[in-house]
Ligand SMILES: NC(=O)c1ccc[n+]([C@@H]2O[C@H](COP(=O)([O-])OP(=O)(O)OC[C@H]3O[C@@H](n4cnc5c(N)ncnc54)[C@H](O)[C@@H]3O)[C@@H](O)[C@H]2O)c1
């Protein structure tokens, strides 16, 4: 029996990267999936990818921008229409914004990062929690970042939004653990997804691979992480096994956030 046998799991930002990797792993563990993304094409491809390893997985796709409260209500309601309940919520959709100093950061992009990474995560909590509260059961995994526990050069709105995710995670745990709802956050380091590939292009447009190699040298594991390595931890946190872990921000970063000086 899989770790998520028959559980209904909602995943935002499921079209690619960490969301997709978790969808694939959750399907292998027996979950029924509700996949949310604002990129309809990516969602369609994601379903194909999932069906390659688990053809019988129940899956619905919902096109929604998580920064739009109405759309968040809608993805929750449509999931309930399809499955009648929600057991687990991977509150993952997020963007990085641009690399720029505090003085020069484009204000429109700043607000967009906050709208998606902070408000999007909050709306998700606001509308999923009442469903879980009725069931006296739920597993929530919010996506913060190492940028939610440390500063990251030239990424002020991202770092601010991810610290906020870690803070909201603590509060959700305080307010709802008594209803059998655990809330945790993950703090991935640099994991090779399309988002990170884009960041290396911005750091070194002439040679993104060189930026990636240099970045990996600062990591005690001397490599970047793979989306599947994050997915396994998330699936554990979404499972019944993680019943007494709540309010934590768990780094998945090869040890990097603990380092001081050269490694
Ligand atoms: N990859 C990493 O190294 C890393 C590290 C730390 C944190 N994270 C976080 O993990 C999460 C996923 O990142 P990723 O690397 O997989 O990114 P990605 O860009 O590869 O994939 C993100 C997915 O989310 C979707 N999305 C973005 N904004 C959305 C919105 N407003 N509404 C609905 N869907 C939206 C995109 O269409 C895309 O399919 C983000 O919150 C990111 O900040 C990633």
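What to note about this one:
- Were the residues from residue 99 through residue 214 laid out at 0.36 nm apart, the gain over their Cα-Cα distance would be 39.7 nm.
- For region 50-179, the mean projected area of the C-alpha convex hull, equal to one quarter of the hull surface, is 9.4 nm².
- Packing here is the average count of other Cβ atoms within 10 Å per residue, and on that basis the peptides 114-125, 240-251, 60-71, highest first, run 114-125, 60-71, 240-251.
- At an R0 of 22 angstrom, the distance between the Cβ atoms of residue 44 and residue 195 translates into a FRET efficiency of 0.65.
- Spin-label model, residue 263 to residue 80: label points 7 Å out along the Cα-to-beta-carbon direction sit 4.4 nm apart.
- For region 143-166, the residues whose backbone nitrogen is under 17 Å from a point 7 Å from the Cα of residue 107, taken along Cα to Cβ, are 157.
- What the pair-distance distribution of the chain shows, using all Cα-Cα distances binned every 10 Å from zero, is 7, 31, 38, 19, 4, 0 percent.
- Percentage relative contact order, region 105-245, counting C-alpha pairs under 8 Å, at least six apart: 24
- Cut-off 20 Å, label 7 Å out along Cα→Cβ of residue 68, residues of region 18-46 by amide N: 34-45
- Dividing the alpha-carbon radius of gyration of region 41-115 by the rule-of-thumb value 2.2 N^0.38 Å gives 1.46.
- Rg ratio (alpha-carbon, reference 2.2 N^0.38 Å) - region 1-91: 0.97
- Helix 120-135 vs. the chain, principal-axis angle (Cα, 0 to 90°, nearest 10): 30
- The slack in the chain from residue 203 to residue 223, taken as 0.36 nm per residue of separation less the alpha-carbon distance, amounts to 5.4 nm.
- For the residues 107, 224, 238, a GNM of the chain with alpha-carbon springs under 10 Å puts the largest fluctuation on 107.
- Helix 40-53 axis versus longest C-alpha principal axis of the chain: approximately 70°, rounded to the nearest ten.
- Over the residues of the chain, the helix contribution to mean residue ellipticity at 222 nm works out to -14000 deg cm²/dmol, using -39500 (n - 2.57) for each DSSP H run of at least 4.
- Relative to the longest principal axis of the Cα atoms of the chain, the long axis of helix 194-203 makes an angle of roughly 20 degrees.
- Entry note, region 199-263: relative contact order of 35 percent, from Cα contacts under 8 Å with a spacing of 6+ residues.
Laboratory data are not the source of any read-out in this text; all were calculated from the coordinates shown. Computed from a predicted structure; not experimentally measured. All Cβ positions, glycine included, derive from the backbone under ideal geometry; neighbour counts span all protein chains shown.
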